[in-house]
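Peer 1: To start, I am sharing the structure in question, which I have written as structure tokens.
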Amino acid sequence: MNFMNVKMNLSALTSEQLLSETKIVVNEERRITATLIEHLTEINQRLLFLKLGYSSLFEFVTKELGLSEGATQRRIQCMRLMQDLPETRQAYEEGSLSLSNAAKLQSHFQAIKKSGQTRTIEEKKEIAKNAENKSQSECDQMLTRLAPELPKPEKTRILSSTVRELKFNISEELFKKIERLKELLGHSHPSATLAELMELLVSSHLTKLEKAKGLQPKMVQKCDENNQKSTANSQKCYATTQKSADLTQKSTDQNSGEMGENPKTPQVKAEKGRKTDKSNLVHTAAKTLPVGVGVRLSAGIRVSLPAGVRVALPNAIKRQVWSKADGRCEYVCEGRRCSSRYQLEIDHVHLLALGGSNDLSNLKLKCRSHNALSAIHALGAAKMSSFRK
Ligand SMILES: [Zn+2]
């Protein structure tokens with residue numbers, strides 16, 4: 001069937017032919033979507049999106065490929081379901097399992113896992129089988145019956161250019177706390193709505209966090225003006241491709257602090273026993289460590305940090321790193337800078353494990369995924385894999 005000619009030939013078709021052709025197009029659409037998901041799987045395994053300066057596969061698909069957020073979310077969830085349960089691909093291609101229901105299944109399995117429960121592969125297969133030939137509503141009902149205790153997924157909906165609708169469940173305990181807060185704010189904020197309370201609390205917390213990280217309040221609200229498409233340039237980044245698992249789902253270090261200290265690397269284990277005590281880091285000009293690097297913090301105070309050793313970076317240095325980076329991941333690929341402001345960590349450009357310094361000039365702010373990618377480039381995927389389990 002020549003799809004280029006479909007539009008001009010449609011009026012010449014009988015109704016029977018039109019219906020028949022439409023069914024062919026629907027099947028073709030499913031086949032193409034399955035092929036797209038296959039391509040996304042390979043891109044994900046190669047971590048191509050990270051190398052191109054995107055912090056996640058989701059960001060890559062929406063910004064580089066131009067799919068809508070909803071369409072992207074469904075395809076990525078379907079991709080993960082097919083990786084876990086390969087037989088669901090056939091069910092999707094045959095039309096018995098819809099893309100929406102496949103995404104719902106995957107979200108359900110993720111929520112089950114997050115709640116601490118487990119589902120065996122056999123149980124998952126059975127649930128997936130039962131989701132076939134069901135409408136979205138029927139699938140929702142089935143999944144709710146299976147785990148009624150799971151919270152409903154949080155939802156955000158754009159109502160206008162300035163207003164969004166948020167939907168989420170809260171515990172009875174939190175509701176009572178909110179009521180108590182309303183009482184205590186009765187004089188300064190009489191009859192405050194939930195939205196007004198949220199504005200008050202979020203603004204107050206943001207100001208505190210921005211100040212702690214050395215950021216100006218306006219920085220968080222800045223648009224990602226540099227986040228332009230650069231497909232042509234991005235092609236050059238393919239050269240160093242290495243296959244690896246999906247970093248976006250694996251944390252290299254759950255202990256990184258609010259100021260984003262670097263995750264543990266092999267060097268960390270080796271150096272753990274001789275981690276430098278923060279109290280030893282502040283010295284006058286007359287007392288510096290032999291292998292140290294001088295970092296001026298303020299008039300009269302100099303901190304000397306040894307190279308090649310993981311130390312607890314002073315907050316003043318962390319604030320300088322955050323401020324220098326404008327509170328945004330500094331990974332750059334051929335002019336494209338990662339736009340992520342999420343889970344930022346302080347990365348040593350020249351790795352500590354290879355003798356890198358703790359000097360400000362050797363420190364960059366990276367999102368967790370790009371920080372891990374840097375470590376893979378430097379140490380190799382095999383060496384890093386044990387730290388991502
Ligand atoms: Zn990044």
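The values are calculated or read from the model by the stated rules, or taken from the named source; none is laboratory data. What you are looking at is a predicted structure, and each value in this text was computed from that prediction instead of being measured. Heads up, the Cβs are rebuilt from the backbone with ideal geometry, glycines too, and the neighbour counts pull from every protein chain shown. Surface areas here come from the heavy atoms of the whole protein model, side chains and all, with no ligands, DNA or RNA. Shrake-Rupley method; radii C 1.70, N 1.55, O 1.52, S 1.80 Å.
Peer 1: Can you put V163, V321 in order of accessible area, largest first, using a 1.4 Å probe?
Peer 2: Working: V163 70, V321 0 Å².
Putting V163, V321 in descending order of accessible area: V163, V321.
Peer 1: Also: Taking K182 as the anchor, which aspartates and glutamates have their alpha carbon closer than 19 Å to its alpha carbon, excluding any fewer than eight residues away along the same chain?
Peer 2: E172, E173, E196, E199
Peer 1: Just the number, please: carbon plus sulfur as a percent of the accessible area of segment 3-146, 1.4 Å probe, no ligands or DNA/RNA counted. Intermediate values should be presented prior to the final figure.
Peer 2: On the way: 4180 of 8020 Å².
Of all accessible area on segment 3-146, carbon and sulfur atoms account for 52 percent.
Peer 1: Hey, could you pull the Cα Rg and Dmax for segment 3-146, both in Å?
Peer 2: Spelled out, the Cα radius of gyration and Dmax of segment 3-146 are 17.6, 58 Å.
Peer 1: Could you count how many Lys pairs in segment 3-146 have their Cα atoms under 24 Å apart, skipping same-chain pairs fewer than 8 positions apart?
Peer 2: 20
Peer 1: Of F49, F168, F58, which has the most accessible area with a 1.4 Å probe, and how do the rest follow in descending order? Write out the running numbers ahead of the final one.
Peer 2: Details: F49 0, F168 105, F58 75 Å².
Per-residue accessible area, sorted high to low, gives F168, F58, F49.
Peer 1: L185 versus H350, label points 7 Å from Cα toward the beta carbon: distance in nm?
Peer 2: Modelled inter-label distance: 5.0 nm.
Peer 1: What accessible surface, in Å², does a 1.4 Å probe find on L67, ignoring ligands, DNA and RNA and rounding to the nearest 10?
Peer 2: Its heavy atoms expose roughly 50 Å² to the probe.
Peer 1: Next question. Taking the full set of protein chains and a 1.4 angstrom probe, give the accessible area of K176 in square angstrom, rounded to the nearest 10.
Peer 2: It works out to around 130 Å².
Peer 1: Using only the heavy atoms of the protein chains and a 1.4 Å probe, how would Y342, Y331 rank by accessible area, largest first? Walk me through the intermediate numbers first.
Peer 2: Working: Y342 155, Y331 35 Å².
Solvent-accessible surface, decreasing: Y342, Y331.
Peer 1: Here's another thing I want to ask about it. At a probe size of 1.4 Å, how large is the accessible area of K152, to the nearest 10 Å²?
Peer 2: Surface open to solvent at K152 totals about 130 Å².
Peer 1: So which aspartates and glutamates pass the test for K364, namely a Cα distance under 13 Å, with those fewer than 8 places away in the same chain ruled out?
Peer 2: E261, D326, E330, E345, D347
Peer 1: Evaluate the distance, in nm, between pseudo-label points positioned 7 Å from the Cα of E123 and of R164 along their respective Cα→Cβ axes.
Peer 2: 3.4 nm
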